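J.: This is the structure I have questions about; it appears just below.
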Amino acid sequence: MTTANPIGGDALRISDHKPLITYAGDKELFENLKLVLSQSLSQEPIEWRRQYARPMKMVTLSTEFVPFNKDAVAEQINSRNLVGRPIMHTFWTQCLDMEVYKSLLRDEIEKWMFEMNKHNIIDWVIVVVETYDLRKHNKLLPRTTVFDKIKSDFAEKKADRCLSVINPPKSEVRCGSSAWRALIANVRLLILSAFDRLFLKYEDNIRNYREQRNDPSWSFCKYFLYQEELAFALQMLGLHDEALVQYDELDAMFTQFILNSPVGNVPHWLTEFQGVLERWSAVLYMENISRTQREAIKNRKLSLLEFRCYLFSRQASLLMAASKPWQVAERALIFLHQAVSDLKTLEIDCPKGSVACWVLQCCAQILIICQTVKKSAHLEECSHHTAPLLYYSLKKLYELGELCGLLPDSVQTTEQLHTVQVLCSGMQSGHDLTAATESVATLKTALSSSETFSKHYLDVAELAISTYKHNKLMRCAHSLVGLELAKFYTLSGDTTKRTAFLVKALKLFEQDNWKLLIVQTNLELVKCFKKIGNVDQFVKTCLQLASSSECNIQVRQNHFDQMLSMIQESNVECFYPMDGVIVLDQIDVKSNDEDNYPSIVSLKFKSNLPRNVVCPKISISVVIGSAMKKMKNKFNLAKSTYSYDIKKDNVLPMAYNHNYQQDGHFASTGILCLNQKSYLKRQDSQRRKPSTNFNKNDFHDIISANSVTITPGINVIDLTLNNSKNMESGIYFLDKLSILLESRLELLTSVPFGLMFALKNVNSTARLDLSDNQCLFAGVEEMSILSLQFGTKSKKIIDKIQLHSTPGLTFCMKDDTEFCSEIYVKSPFSMSSNNSVSLPIKLFAQLPPLKDNPKTVHHKLWVKCETSLDDEEVICVSIDFSLPFTVAYRLHTCHYRKFVGVNITCHTDWSLALREPKIIGISQPPTNVMVKLTSLNSTFKPLTYLENGETIGYLWEIDLPSTDINTLGILADSLKFNFQTNYSSARKLDCSHDLNFEFTFNNYKTLMLIESGVEVAGKSGEFCRMNTVCTYTANFKRTEHPKSLQNEISFKYEIVVDKTMWAVCGRGSDVITFPANSITQSISVEVMPLMSGFLPIPTLNIFRYYPSNSRQNTESKMVPFSTGQVYNATKGVQTHVLPRVTTDASFI
Amino acid sequence: MALCVAVVSKENAPKYVASLNPEDELQIQYEIHSSIDFVEEKLKTGKKDMRELYLGLLYSTENHKVYGYVTNTKVKFFVVIDSSNLLLRDNEIRFMFRKLHTAYTDLMCNPFYIPGDYITSENFDKVARGILTGNS
């Protein structure tokens, strides 16, 4: 440790001093006791209860005993020193013999007491040591002892000052006896009370002296030495903190004097500090006190700085003694600032650089002190305070360097060399102490040449920056020290290092968003980037500067111009985040109603650039929804909008909230924030996110505008969607915005998430243009227009179109007459503005077979568009044709006679013209005979017109050869008819088409005749009455076919009634069997009418019945008859039912 | 009488800076920015009394002293005074901060102020200017 220490006689070592206690009387006795006594006193600490409610302290007394010397005492008592003054006086005796006491001892004590009284000393103690002879121990105790006598003679009122003790060395058994312990305790207490009294008295003196401070002859230096004594004494007692308080009081008082000096009269003593500063050496820490310095203080020979140093060194040594080294470092900065401020306040004339030298020495010494700290916790604590000291010395060092021309870019002048010499000599002179030379030597070396200066400067800077970093004070490290270093490197011309430090500082400022500091750093950085030729960073920084509102407009314009010229000179491509340059305000996606894809995206933004710029291109990239889904897990369509106002976020969506009572009366009203959760979310918790870097590759599908002029301030620009033809249909999200400021300067930013538009990709379609409710009919020629709507992906140039259709559909173009199922249409086509082509077309669909009564006929038409590039696109059109009419046929029977009826119903909305029909009937094999048909139709007009919904009926009688049953077999059981006619639209009679309709009758011959009726049962009258049982009879007659007569035939009948009218009382169904050669059969069943009036008689359902045959292993079955085989002669007959006979009626 | 009054947000961005002498502003801003380090350090080590918002002297140079105060929501207030001005005791500084905090609370109560925005309130400015000039 290289602290300055006064040596030899100069040194005042407080630790060497102990409270002094004199001894008198039996010196031989005391010499023996001295060691034990002083050990016992310092064995344990004792509470020091002080007056004026000052905090209690624990004090460990270590004392020093000196023989009483009356001359010395007189001198010490009169001196003002507190240290080296006996604090207590003791008198020791072991006389036990009263006679001896009376003759000798009393005189001795009296003499001693005389000295005490003479000096007004009350802190004295008489100790009687009793050495018992054990052999004489059983001797009777004397009535009065010497101790009692002494007490009564000298300490009548102060009994505690007369103590008796058994000599411990001689009676070792009783060494720890209570008497001895009491002695020790008493002595301790007496010592402390002596100190207390002394201090109080001393403090009074000090106070009195302080009160005289307005006296012109009063001197702070004198006062300082007074109070310092007190501090010494406290330090001597081991009360370092108490001693420190004394110094702190002195410090504060001194500072206050200096502060008051400019406003009041400067006291005389203070003017002595105002002399020209001649020495600026600094000694900040001394273990021992220099008497010379105290003498100098006394004689007012110290300069202000020296005095301050002395004061601080005392504080420092006390702090070190209290093992609080970090406080030394902590106080050092305040001390230095205070001292420098004092120099200014007192207007002390200091040679240039002297103060800096002094500060540097001080800092260096504090650092040295801190380095000696052993405990790591203390060391850590120290480092917190050394960093600012290092930074302070760095600043001072720079100041010195500037003054002495030692900075890297300067050359020393003679004058500056002289300054260095003056400064060095100022550091040397002054003390005769072996000064802490290391700091001085370092500083001198640093000042000796430019190189050593630089080295030292960088060393200090390195230490400062690393200490700050160690303490995790990054802002201090990079902004304070870093910028200092950048300044230094500016001078040394090391642009790379300078840039590095500036960039680090900039990062911090950007992270905290301190705009003014960012601008300031950027202004420096621009110069660096220009120097090292970093175009990218240069342009970026220029851009930031040009758009920062903190700069004045000239600076902004200047940097903007520099940037433009730099871009033109170099060929570097630059991409930057848009951040502060262009601020987005609002984006509107205006979608076209019909197509649903945006025709325009309106962009509102604020340009912070200082001049107008013509941008080659502004574009927005889009991402399809499905891709976006992959990119972001949170995909919330509900949030998506077509418009986004960046500022709108701050406006809450409010709604009225009316409350009603249960009875519907109005209860209260208020306003409510919708969706408050998303608004109540803390937003300031999110830190500013640094802009991410973008790739140019992202720009595939773009919405853009070219050659846009951006003016400073708000701009509104419309962008349009390009080449939507090649895009898949789907939902697109706006992704990134790019503004190309110059051909090689692009600004990029992300568009707020959620802006989207739907792009519907329209496929090519073809359809037939039909007027409202118009439908196409098969079997007639139809005119229509084939419209081709080309989709978003189709090529716009088409060479030819091929049409072909399903079988049964033929067509031709409007001008042609020949219908065919495949045609080519050659270009040119008159393509309309919306990519559609219209082709007038004639269509003819063949009538389908009418037997199945179809409603519509489906056909398809394929349109194949061919381009010159062997590219083709096929479009399919489905066409439904309705039938213009339906044809129905029917067989009518009357007994054995048969009739053919054909009905035609018209369905067209135009009139249908029909020509005279023909019918041909052929008896099917084996006979194949032409059937003779007799037309029962009225005479035909040449054309019959039918309107929609009208039906025309035709009737022919089949001319059976005879009604004779024998001839029934002439014609076959199956007859085939061909109905032929000719139809056309009433509007186009010349364009007629044939209608051929074939149908067949099977099993048409009449096999059975039925006659049925209801009769009154019994004798109840002529008419049936309601609720009266009647008889239903049915007669069955077989056709008298000779073959069938020989067989036994069974029928099954079922009586079918309306159950509201008739109740069948007998069997409702049964099987009747015609035995061989039997022709007729009849049944009768009892039925009862349930209502009166004309009721249709019950009808019969007849089935042919085949009974089960066990031999042929067949089960019984019923087969219905074909149409015409059963003729019911009484079909539709009604019977008259009278109402019930009332009792009244019967009575009459 | 102070040289500069500053409000720094929870994210350490300046929200209000007013200086007595505009020419000092840049230097003072550097100092305040560095002082944030000390605030964070003090917040990290944890205060004994949560109710004590005053952080005391954070940073001093030959010319300036930076005092700090932090609200429970970690909004920082800074007052910079001239180092030579020893008339300003701790109590006066505390009083300045208390006034500033009251003004800030009033500002926050204003529904038209959006937390996190730069402070442009006239009332707040009046209070801050009052602290700067010393007549409040």
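The values are calculated or read from the model by the stated rules, or taken from the named source; none is laboratory data. Quantities reported herein were computed from a predicted structural model and do not represent experimental measurements. No Cβ is skipped: glycine too gets one built from the backbone with ideal geometry, and neighbour counts run over all protein chains shown.
Condition check ((1) assigned to a loop (DSSP other than H, G, I, E, B); (2) within 22 Å of A:Asn612 (Cα to Cα); (3) away from chain B (no Cβ under 11 Å)) across all residues:
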{"site": "A:Gln511", "(1), (2), (3)": "no, no, no"}
{"site": "A:Glu550", "(1), (2), (3)": "yes, yes, no"}
{"site": "A:Arg556", "(1), (2), (3)": "no, yes, yes"}
{"site": "A:Asp561", "(1), (2), (3)": "no, yes, yes"}
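J.: Determine, yes or no, whether A:Thr434 is surrounded by fewer than 21 Cβ atoms within 10 Å (Cβ to Cβ), in the same structural domain as A:Lys344 (by TED's automatic domain parsing) and modelled with pLDDT of 85 or more.
T.: no
J.: Restricting the search to the stretch B:46-62, which residues are within 10 Å of chain A (Cβ to nearest Cβ) and either in a strand (DSSP E or B) or touching a Leu at 6+ places or on another chain (Cβ under 9 Å) (or both)?
T.: Hits for the stretch B:46-62 are B:Leu57, B:Tyr59, B:Ser60, B:Glu62.
J.: Hey, any hits in the stretch A:452-464 for a residue that's crowded, with 24+ Cβ neighbours inside 10 Å, part of a helix (DSSP H, G or I) and within 14 Å of another protein chain (Cβ to nearest Cβ)?
T.: yes
J.: Scanning the stretch A:287-307 for residues that are under 21 Å from A:Asp342 (Cβ atoms) and aliphatic (A, V, I, L, M), which turns out surrounded by the most Cβ atoms within 10 Å (Cβ to Cβ)?
T.: A:Leu305
J.: Collect the residues in the stretch A:372-424 that are farther than 21 Å from A:Ser317 by Cβ and of a type in the set (S, T, N, Q), keeping them in residue-number order.
T.: A:Ser376, A:Ser383, A:Ser393, A:Ser410, A:Gln412, A:Thr413, A:Thr414, A:Gln416, A:Thr419, A:Gln421
J.: Now, a different point. From A:Thr939, A:Thr944, grab the single residue that is among the polar types (S, T, N, Q), over 25 Å from A:Leu975 (Cα atoms) and touching a residue at least 12 places away in the same chain (Cβ under 8 Å).
T.: When all the criteria are applied, what remains is A:Thr944.
J.: Considering the stretch A:1101-1128 alone, what residues qualify as being part of a strand (DSSP E or B) and of a type outside the set (Ser, Thr, Tyr)?
T.: Within the stretch A:1101-1128, A:Asn1101, A:Ile1102, A:Phe1103, A:Arg1104, A:Asn1109, A:Lys1117, A:Met1118, A:Val1119, A:Pro1120, A:Val1126, A:Asn1128 meet the criteria.
J.: In the set A:Gly275, A:Gly353, which member is more than 14 Å from chain B (Cβ to nearest Cβ), crowded, with 17+ Cβ neighbours inside 10 Å, over 53 Å from the mean Cα position of the chain (by Cα) and within 30 Å of A:Glu402 (Cα to Cα)?
T.: Selected residue: A:Gly353, the only one of A:Gly275, A:Gly353 that is more than 14 Å from chain B (Cβ to nearest Cβ), crowded, with 17+ Cβ neighbours inside 10 Å, over 53 Å from the mean Cα position of the chain (by Cα) and within 30 Å of A:Glu402 (Cα to Cα).
J.: Right, something else. Would you confirm whether any residue within the stretch A:1046-1055 is aliphatic (A, V, I, L, M) and modelled with pLDDT of 85 or more?
T.: Yes, the stretch A:1046-1055 has at least one match.
J.: Next question. Identify all residues within the stretch A:1072-1099 that are surrounded by 13 or more Cβ atoms within 10 Å (Cβ to Cβ), among the hydrophobic types (A, V, I, L, M, F, W, C) and closer than 20 Å to A:Val1016 by Cβ; write none if there are none.
T.: A:Ile1083, A:Val1085, A:Val1087, A:Met1088, A:Leu1090, A:Met1091, A:Leu1095, A:Ile1097
J.: When the stretch A:192-232 is examined, which residues are found to be touching a helix residue (DSSP H, G or I) at 6+ places or on another chain (Cβ under 8 Å) and polar (S, T, N, Q)?
T.: Correct list: A:Asn205, A:Ser217, A:Ser219, A:Gln227.
J.: With the structure loaded, tell me whether A:Thr60 is over 25 Å from A:Asn117 (Cβ atoms) and either crowded, with 17+ Cβ neighbours inside 10 Å or touching a Pro at 6+ places or on another chain (Cβ under 7 Å) (or both) or whether it fails that test.
T.: Judged against the criteria, A:Thr60 is a match.
J.: Further question on the same structure: Which ones in the stretch A:312-331 are outside any helix (DSSP H, G or I) and not polar (S, T, N, Q)?
T.: Scanning the stretch A:312-331 gives A:Ala322, A:Lys324.
J.: Would you point out the residue of the stretch B:17-32, among those that are buried (at least 20 other Cβ atoms within 10 Å of the Cβ) and under 26 Å from A:Phe335 (Cβ atoms), that is nearest to the other protein chains (Cβ to nearest Cβ)?
T.: Top of the filtered list is B:Tyr30.
J.: Inside the stretch A:858-933, counting only strands (runs of 3 or more DSSP E) that do not spill past its ends, which hold 3 or more residues that are of a type outside the set (Val, Ile, Thr) and at pLDDT below 80?
T.: none
J.: Test A:Ser570 against the criterion of being away from chain B (no Cβ under 14 Å) and under 25 Å from B:Asp117 (Cβ atoms), and give yes or no.
T.: The answer is no for A:Ser570.
J.: Right, next: Looking only at the stretch A:486-506, filter to residues that are within 15 Å of A:Lys469 (Cβ to Cβ) and free of Cβ contacts under 8 Å to residues at least 24 places away in the same chain; which one of those is farthest from the other protein chains (Cβ to nearest Cβ)?
T.: This residue is A:Ala500.
J.: In the stretch A:974-1013, what count of residues is obtained for those that are free of Cβ contacts under 8 Å to residues at least 12 places away in the same chain and buried (at least 19 other Cβ atoms within 10 Å of the Cβ)?
T.: 0
J.: Report whether or not B:Phe78 is under 16 Å from B:Asp24 (Cα atoms), surrounded by 11 or more Cβ atoms within 10 Å (Cβ to Cβ), touching a residue at least 24 places away in the same chain (Cβ under 8 Å) and not β-branched (Val, Ile, Thr).
T.: Taking the combined requirement at face value, the residue satisfies it.
J.: Residue check: is B:Leu88 under 25 Å from A:Ala332 (Cα atoms) and either within 14 Å of chain A (Cβ to nearest Cβ) or assigned to a helix (DSSP H, G or I) (or both)?
T.: yes
J.: Pick from the stretch A:308-317 the residues that are over 55 Å from the mean Cα position of the chain (by Cα) and touching a residue at least 60 places away in the same chain (Cβ under 8 Å): which of them is surrounded by the most Cβ atoms within 10 Å (Cβ to Cβ)?
T.: This residue is A:Arg314.
Here is a yes/no grid of residues against (1) within 13 Å of chain B (Cβ to nearest Cβ); (2) out of contact with any Pro (no Cβ under 7 Å at 6 or more places or on another chain); (3) part of a helix (DSSP H, G or I):
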site: A:Cys309; (1), (2), (3): no, yes, yes
site: A:Leu333; (1), (2), (3): yes, no, yes
site: A:Ser341; (1), (2), (3): yes, yes, yes
site: A:Cys357; (1), (2), (3): no, yes, yes
site: A:Ile368; (1), (2), (3): no, yes, yes
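J.: Considering only the stretch A:466-485, I want to know if a residue exists there that is away from every other protein chain (no Cβ under 13 Å), under 46 Å from the mean Cα position of the chain (by Cα), assigned to a helix (DSSP H, G or I) and under 26 Å from A:Ser383 (Cβ atoms).
T.: yes
J.: Which fully enclosed helices (runs of 4 or more DSSP H) of the stretch A:190-280 have 3 or more residues being outside the structural domain of A:Ala356 (by TED's automatic domain parsing)?
T.: In the stretch A:190-280, the matching helices (runs of 4 or more DSSP H) lie at A:220-236.
J.: While we're on this one: Got a number for residues in the stretch B:1-16 being among the aliphatic types (A, V, I, L, M), buried (at least 22 other Cβ atoms within 10 Å of the Cβ) and either within 13 Å of another protein chain (Cβ to nearest Cβ) or assigned to a strand (DSSP E or B) (or both)?
T.: Selection size over the stretch B:1-16: 4.
J.: Just checking, which of B:Ile119, B:Ile114 is touching a helix residue (DSSP H, G or I) at 6+ places or on another chain (Cβ under 8 Å) and either among the basic types (Lys, Arg) or free of Cβ contacts under 8 Å to residues at least 24 places away in the same chain (or both)?
T.: Just one listed residue meets the conditions, B:Ile114.
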